[in-house]
Structure formats: structure tokens, C-alpha cells
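The block underneath contains the structure these notes are about, expressed in C-alpha cells.
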């Protein structure tokens, strides 16, 4: 157990050092499915050099739905002002996957939505609990992430998106 804790602390320390020296991790390439069941590589997520928000959510996660609904109302303005793209990744498992498409259509979300039924992308990005939001710069490097949601978090996220869209770095 002591070895596990030591490795965990070392891993967290190395991640914080990487963030301090300006190196970022990139989005891993794993298979996800679109709402029609087509398989797509997460490495192919693209936004022509503009910011990308990746939000992990589930149909059973009330804070996830609250966050995505809070963004929904402002999203057209966000896109117009910054060119940002939001990609919502459902972590509903294969048993609940059939619920995702009707749920998304009922919410009126204009986001790209994918299913991570096998949790491959979730594991690759070390997402433990939704909602978990990542912000990628124009080079598809992860520059910020946040776990959880309280009202107002979407405002913080948008400020960061604006900085990226203006060519600023996030510290």
C-alpha cells in the first residue's frame, strides 16, 4: 500500500510539474461511437485550430445535465464569438446506450455527442466521476480540466475559451 501511495504522489507531482513547464498532454486516440452507431477515433476530433471543450457526462448524472443545459443556452454565442466546439462524451454503458440519442434530442443540444460505452476514452483520460470537462487548445493539447459542476462553472469555462481563442495561454 505504501508503494501505491508513493507512486500516486509521484504521478501527481510529475503532472503538476508538466503543467508548470508548459508541456501538455494531447487527446488520446481511442474508438467511440456517434449517435448513429458509427465508430470514430477520438484522435480525429477537429476544430480547425480553435478550442475544443470535451465534457464527459451520463444520462443518470444530474450535475452533468445541469452543466450541459447551462451551456446550451449560450453555446451559439460561444461558437460565434470564439469558434469553440463542444464534444459531449456519454459514459453510459452498453445497457443504457439506447437511451442516449433520444435523451440528447429531447434536450436540444447542438453539441457533437459520442458514446464511450466501453469506457476506453474515460480510462485513457483518467476520468473517475462525471461531469468531467477538458479544454483543448488549437493544437488539441489538454490545457485545463475540471471535475464536478456548480452553477457559474460555465462562466469560468467561457473565460478560458475566450483566452484561448485570443491566442493567450492558460496558466
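Rule-based calculations on the coordinates, nothing more; no lab input. The shown structure was predicted, so the numbers you read here are calculated from the model rather than taken from an experiment. All Cβ positions, glycine included, derive from the backbone under ideal geometry; neighbour counts span all protein chains shown.
General observations
- For region 93-123, filtered to residues that are surrounded by 20 or more Cβ atoms within 10 Å (Cβ to Cβ) and in contact with a helix residue (DSSP H, G or I) (Cβ under 6 Å, 6 or more places away or on another chain), the residue that is farthest from residue 72 (Cα to Cα) is 121.
- Positions within region 112-171 being farther than 22 Å from residue 42 by Cα, in contact with a strand residue (DSSP E or B) (Cβ under 9 Å, 6 or more places away or on another chain) and in contact (Cβ under 8 Å) with a residue 24 or more places away in the chain, in sequence order: 148, 149, 153, 160, 169, 170
- Criterion: more than 11 Å from the chain's Cα centre (by Cα) and surrounded by fewer than 16 Cβ atoms within 10 Å (Cβ to Cβ) - qualifying residue of 137, 126: 126
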